[in-house]
Amino acid sequence: MNQRHTHVNPVDDLKIVVLAAGKGKRLQSESVDLPKVLRKAADRPLLDWVLDHVAFVEASNIIIVVGFQAEKVREAMGPAYRYVLQEKQLGTGHAVAVAKPLLESFSGDVLVVYGDMPLLKTETYHELVLKHQAGHADCTMLTAYTEEPPAYGRIIRDQDGSFAGIVEEKDCTAEQRLIKEVNPGVYVFRCEALLQALDGLSNNNAQGEYYLTDVPLIMRQNGKRIDTVTIHDDIQILGVNTPEDLERSERLLKGESR
């Protein structure tokens with residue numbers, strides 16, 4: 001794609017893992033013969049928007065996890081990035097784990113983002129990383145307060161306000177479902193702590209998948225420090241899962257009203 005420029009300062013000691021392996025079944029992507037992240041909003045692939053918004057690191061430090069129609073993604077985004085293949089989609093934790101060979105000799109931080117979230121701003125990613133690095137946390141999570149929570153996991157906090165866990169919406173009690181703070185799935189990890197926690201992931205759940213949402217809790221149980229950065233915004237955290245989501249993203253990216 002086009003050469004990318006960003007208006008924020010570059011960040012050192014950072015690699016970015018972009019999760020871009022999905023088929024996009026609910027998006028009916030098969031009817032257009034494209035993987036989910038190559039569906040277009042405002043005339044550009046969803047993934048292209050995301051890569052623009054994380055261009056504060058060199059492309060060679062961005063790892064794109066591909067799966068469904070992987071060659072199409074590689075061809076569309078070009079050779080400047082690193083690619084890893086997730087042959088079977090066994091969950092978000094598994095998707096990050098397939099990038100381990102490109103992370104094992106790295107001692108910096110790893111930002112994990114989704115290739116189908118085109119509205120998350122450069123400034124939001126950048127602030128998350130800078131606060132993580134300034135705070136010396138093992139994991140810093142992005143959370144969002146929204147009056148109408150989407151079908152995202154809810155953030156559980158201790159009495160002192162510190163992070164205590166994430167409960168997926170389908171597992172929420174009626175009381176937990178009323179929680180307004182949600183997990184969009186964007187994290188910065190200290191690389192060594194991330195790789196250790198990935199080794200502790202289990203797929204002992206209803207879906208039989210390895211969830212990245214379990215990683216912060218594993219870290220916390222191992223005595224690691226978990227911080228959060230919270231935004232009050234329900235637009236940036238919009239993920240594109242349905243044709244309606246795609247239409248809404250199109251309007252927003254074109255600067256139209258909600």
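The values are calculated or read from the model by the stated rules, or taken from the named source; none is laboratory data. What you see is a predicted model, and the numbers here were worked out from it, not measured in a lab. Reconstructed Cβ throughout: ideal geometry from the backbone, glycine too, with neighbour counts over all protein chains shown.
For the subset of segment 134-168 comprising residues that are crowded, with 17+ Cβ neighbours inside 10 Å and aromatic (Phe, Trp, Tyr), which member is nearest to residue 11 (Cα to Cα)?
163
Is it the case that residue 177 is more than 18 Å from the chain's Cα centre (by Cα) and surrounded by 14 or more Cβ atoms within 10 Å (Cβ to Cβ)?
no
Any idea which of 32, 98, 129 is among the β-branched types (Val, Ile, Thr) and farther than 29 Å from residue 255 by Cα?
Every option except 98 fails the conditions.
Of the numbered conditions (1) surrounded by fewer than 16 Cβ atoms within 10 Å (Cβ to Cβ); (2) of a type in the set (Ser, Thr, Tyr); (3) more than 20 Å from residue 154 (Cα to Cα), residue 249 satisfies every one except a single condition; which is it?
(1)
Taking segment 36-65 as the region of interest, how many residues are closer than 24 Å to residue 250 by Cβ and either out of contact with any Lys or Arg (no Cβ under 6 Å at 6 or more places or on another chain) or part of a helix (DSSP H, G or I) (or both)? Before you say what the answer is, go through the steps one by one.
Going residue by residue through segment 36-65, those that are closer than 24 Å to residue 250 by Cβ are 36-55, 64.
From what is left, the residues that are either out of contact with any Lys or Arg (no Cβ under 6 Å at 6 or more places or on another chain) or part of a helix (DSSP H, G or I) (or both) are 36-41, 43-54, 64.
Residues flagged as closer than 24 Å to residue 250 by Cβ and either out of contact with any Lys or Arg (no Cβ under 6 Å at 6 or more places or on another chain) or part of a helix (DSSP H, G or I) (or both) within segment 36-65 amount to 19.
Select from segment 77-96 the residues that are out of contact with any helix residue (DSSP H, G or I) (no Cβ under 6 Å at 6 or more places or on another chain) and hydrophobic (A, V, I, L, M, F, W, C) and write down the one among them that is modelled with the lowest pLDDT.
Step by step, filter segment 77-96, then rank; the result is 90.
Have a look at 78, 91 and point out the one that is surrounded by 20 or more Cβ atoms within 10 Å (Cβ to Cβ), out of contact with any strand residue (DSSP E or B) (no Cβ under 6 Å at 6 or more places or on another chain) and either within 25 Å of residue 246 (Cβ to Cβ) or touching a residue at least 24 places away in the same chain (Cβ under 8 Å) (or both).
Values: 78 fails: surrounded by 20 or more Cβ atoms within 10 Å (Cβ to Cβ).
Answer to the selection: 91.
Out of the residues in segment 228-246 that are buried (at least 17 other Cβ atoms within 10 Å of the Cβ) and in contact with a Phe, Trp or Tyr (Cβ under 8 Å, 6 or more places away or on another chain), which is farthest from residue 181 (Cα to Cα)?
Among them, the one singled out is 239.
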